[in-house]
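Worksheet for the structure shown next.
The values are calculated or read from the model by the stated rules, or taken from the named source; none is laboratory data. Note that this is a predicted model, so its numbers are computed, not measured. Cβ placement follows ideal geometry from the backbone for every residue including glycine, while neighbour counts extend to all protein chains displayed. Side chains are part of the model used for accessible areas, which takes the heavy atoms of the whole protein and leaves out ligands, DNA and RNA. Shrake-Rupley method; radii C 1.70, N 1.55, O 1.52, S 1.80 Å.
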Amino acid sequence: MGPLPLPGVFAVPLAQVNRLERFAMRDVSTSGKMPVVIYRERIVPLLDCSRLLSDAPAPEGEVLASEDICTLIFENEGNYCAFVVNRILDIAVSNDAVDGLVRQRSGVAGNIVIGDRLVTVLDFGSLARVGMPRPVTAA
C-alpha cells in the first residue's frame, strides 16, 4: 500500500524543475533500499513527495506505485533526483511573494494564493536534503 495522499495543492517554483518526466515501473530499480531510475545515463534516486512531507518511513523494499510514475526532475550542483508526485494539475504563474509564515515541516517554503486556492509551495532543495541517503564514511 502506497502513501496516503496529502490534502491540498502543492507547487514548486519552475526554477527548481529541470524537467517533467514519466517513468514506467519496469524502469525502476533499487540501489540498497533506494528506488532509482536511469536518467540521462545517470542513476537518479526517486524521492516520494508524499512520504517526505508526511514524515512516514517507507516500508523496506516497497515499490512506489503499480503503474507509471510522474516525476519532477530536480538538479542541484550537477546531481539529479526525481520527486515522485501524484499528478501535475497545471502550470501557473504568480508574481505574488510566497508567505513563509506557516511552514509546518521541512521542505515547505510557504504558501501562496492562486485564484481562490491556498497552495503550499515546496522547496526541493531542502526536500532533497531530507530524502537523499547519507554517504557512508569509512571508519
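See the values below:
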quantity: Residue within region 125-137 that is open to solvent by less than 100 Å² (accessible area, probe 1.4 Å), over 16 Å from Arg51 (Cβ atoms) and modelled with pLDDT of 85 or more present; calculated: yes
quantity: Single match in Ile114, Ile73, Ile43, Ile91 (criterion: closer than 22 Å to Val9 by Cβ and at pLDDT 90 or above); calculated: Ile73
quantity: Residue pairs meeting the criteria (Cβ under 9 Å; at least 6 apart or on separate chains; first open to solvent by 40 Å² or more (accessible area, probe 1.4 Å), in region 12-29; second assigned to a helix (DSSP H, G or I)); calculated: Pro13/Phe124; Gln16/Phe124; Gln16/Gly125
quantity: Ser54 vs. criteria at pLDDT below 85 and touching a Leu at 6+ places or on another chain (Cβ under 9 Å); calculated: yes
